[in-house]
Ligand code: DC
């Protein structure tokens with residue numbers, strides 16, 4: 001299809017992917033797909049149903065009865081808006097566990113590919129440039145030091161009125177990085193043809209300007 005652009009943004013937790021991806025999509029007037037929110041939706045459902053994520057049969061049965069979609073930037077699980085329910089530390093951990101399950105990745109990757117089939121999109125996650133949309137027109141790999149990512153996450157939690165300890169947040173980020181990078185299936189890895197953007201010390205506006213310049217849009 002002519003003029004279609006698909007922008008893949010990968011990187012570890014807290015690198016600022018979703019803030020940047022959302023802003024770029026808005027500026028370009030195209031859809032934003034937050035694939036992390038999809039893994040979080042599965043984690044949320046697994047927790048609510050009391051399923052063991054390592055129980056393949058139970059997971060398969062649950063996934064068959066699961067619908068995940070986006071509407072105007074909101075994630076919908078089985079017809080229910082769940083935006084404000086999936087950003088807790090508990091769901092982060094459950095999402096990470098679920099994301100290493102083959103049956104979960106199979107279902108979500110298929111969904112993500114079909115979402116990117118016909119229209120221009122910005123999609124962010126861990127395996128977009130390498131696996132979901134290997135032929136995306138633009139690919140970015142966004143990083144920042146673990147300390148800066150922990151600080152951003154800590155500030156976010158405090159702002160939301162939650163209690164948090166910086167050292168604990170940093171430790172959780174390091175643990176999640178490790179499992180995201182070492183899992184067997186589609187681990188977090190920079191695609192060879194992705195442009196690396198280290199956002200440590202950069203403002204949101206600077207990162208957006210950098211990406212807009214790269215894609216010349
Ligand atoms: O980006 P996030 O923190 O919302 O992602 C939640 C979890 O899902 C995280 O542990 C990584 C995983 N994930 C993944 O495995 N593949 C993706 N494309 C996106 C997220």
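Readers should treat all values here as calculations from the given coordinates under stated rules, not as data from a laboratory. Only a predicted model underlies this, so the values are computations on that prediction, with no experimental measurement involved. Here the Cβ positions follow ideal geometry from the backbone for every residue, glycine too, while neighbour counts run over all protein chains shown.
If contacts are Cα pairs under 8 angstrom and at least 6 residues apart, what is the relative contact order of the chain in percent? It would help to have the intermediate numbers written out before the result.
Numbers: 313 pairs, mean separation 72.5, N = 217.
The normalised contact order for the chain reaches 33 percent.
What fraction of the DSSP beta bridges in the chain is antiparallel, stated in percent and rounded to the nearest 5? Can you show the working numbers first?
Details: 6 of 23 bridges.
Restricted to the chain, the bridges split so that about 25 percent are antiparallel.
Can you show me the helix-derived [θ] at 222 nm for the chain, built from DSSP H runs with n ≥ 4 at -39,500 (n - 2.57) apiece and divided by the number of residues, rounded to the nearest 500. Kindly include the intermediate steps, with their values, before the conclusion.
Details: 8 runs with 103 residues, N = 217.
Computed mean residue ellipticity for the chain: -15000 deg cm²/dmol.
How long are the semi-axes of the equivalent ellipsoid of the range 1-98, taking √(5λ) for every eigenvalue λ of the Cα gyration tensor, in whole Å from largest down? Write out the running numbers ahead of the final one.
On the way: eigenvalues 144, 46, 32 Å².
After diagonalising the Cα gyration tensor, the semi-axes are 27, 15, 13 Å.
Hey, rough spin-label estimate for residue 168 and residue 5, points 7 angstrom out along Cα→Cβ, what's it come to in nanometres?
4.2
Rank by packing, highest mean first: peptides 143-149, 77-83, with packing defined as the count of other Cβ atoms within 10 Å averaged across residues. Don't jump to the answer; show the numbers that get you there.
Details: 143-149: 18.0, 77-83: 13.6.
Highest-to-lowest ranking by the protection proxy: 143-149, 77-83.
For the range 119-172 and the range 4-28, compute the distance between their C-alpha centroids and round to whole Å.
10
Give me the base-10 log of I(q)/I(0) for the range 16-155 at each q in 0.19 Å⁻¹, Debye formula, one uniform scatterer per Cα, rounded to two decimals.
-1.24
Can you tell which of 47, 26, 160 shows the greatest fluctuation in a Gaussian network model of the chain with Cα springs below 10 Å?
Its mean-square fluctuation being the largest, the pick is 160.
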